[in-house]
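Chemist: Got a structure for you, questions after.
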């Protein structure tokens, strides 16, 4: 981000670019995390726009984040899918990390679904889908800091009605899910055994390097939020050989179909929910 351009101006530039090329305004937004981008590939798609084309949009550099905005109506409501995100550890500020959320809200999105890959801090096995019911922001920063800061209530940041709805859809589709608390850390290092134990003692069941800043901004803007985390590894586990991001990607890709089934079942009902 250039120092002499206000963040609000950059958001507006993106909105001004997108409005003429989007055939419809979205009411639902989805952010797809590592390895989960295949949901955006399925037709029909109304529009696909590379982040590189959108003024002010940050560019993805991490494998598994394609960096495209996809507009679709295949699940009912007009939905803007962010196929990939950027992270603080890539060198972006949290304002830049969360700018796409502000753009979505300015386009008309009132409901945001966030997804991510996460490491388990308890007995959850890789491949488990965790419904995020709360979070711990341990990144050491907050995207609302600075000029125009917003005091924001974060109690029930993850909409209780949406959580119950996701559980019903999962049960109907025979997809095992469980609720849990997500801890967000800076990265890019994975947790040591001692760090994982500390996070578990703090009350988290899973840990990620993303998602929480986006949820903070979404709530500041009045968006209702549903969060889904795919457990890809045991955080802090002592491994005979390192697996790292490649293993995270592989597990997330294997579970992408389950996330797709959940989203396809949830999205039409989100649209029917009050305020969605």
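Chemist: Can residue 142 be described as modelled with pLDDT of 95 or more, surrounded by 13 or more Cβ atoms within 10 Å (Cβ to Cβ) and closer than 16 Å to residue 203 by Cα?
Modeler: So residue 142 does not fit the description; no.
Chemist: Considering only the stretch 102-132, state which residues are surrounded by fewer than 18 Cβ atoms within 10 Å (Cβ to Cβ) and under 21 Å from residue 181 (Cβ atoms).
Modeler: 122, 123, 125, 127
Listed here are the residues, each with its yes/no results for (1) within 13 Å of residue 117 (Cβ to Cβ); (2) buried (at least 19 other Cβ atoms within 10 Å of the Cβ); (3) in contact with a helix residue (DSSP H, G or I) (Cβ under 8 Å, 6 or more places away or on another chain); (4) at pLDDT below 85.
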| residue | (1), (2), (3), (4) |
| --- | --- |
| 202 | no, no, no, no |
| 205 | no, yes, no, no |
| 218 | no, yes, yes, no |
| 241 | no, no, no, yes |
| 245 | yes, no, no, yes |
| 260 | no, no, yes, no |
| 267 | no, yes, no, no |
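Chemist: In addition: Could you tell me whether any residue of the stretch 59-80 is within 13 Å of the chain's Cα centre (by Cα) and either modelled with pLDDT under 95 or in a loop (DSSP other than H, G, I, E, B) (or both)?
Modeler: Yes, the conditions are met somewhere in the stretch 59-80.
Chemist: Does residue 34 satisfy being in a loop (DSSP other than H, G, I, E, B), crowded, with 22+ Cβ neighbours inside 10 Å and under 19 Å from the mean Cα position of the chain (by Cα)?
Modeler: Considered against the rule, which asks whether it is in a loop (DSSP other than H, G, I, E, B), crowded, with 22+ Cβ neighbours inside 10 Å and under 19 Å from the mean Cα position of the chain (by Cα), residue 34 comes out as yes.
Chemist: From the residues in the stretch 145-168 that are touching a helix residue (DSSP H, G or I) at 6+ places or on another chain (Cβ under 7 Å) and assigned to a helix (DSSP H, G or I), which one is surrounded by the most Cβ atoms within 10 Å (Cβ to Cβ)?
Modeler: 166
The values are calculated or read from the model by the stated rules, or taken from the named source; none is laboratory data. Predicted model only: the values in this text are computed from it and were never measured. Cβ atoms come from the backbone with ideal geometry, glycine included; neighbour counts cover every protein chain shown.
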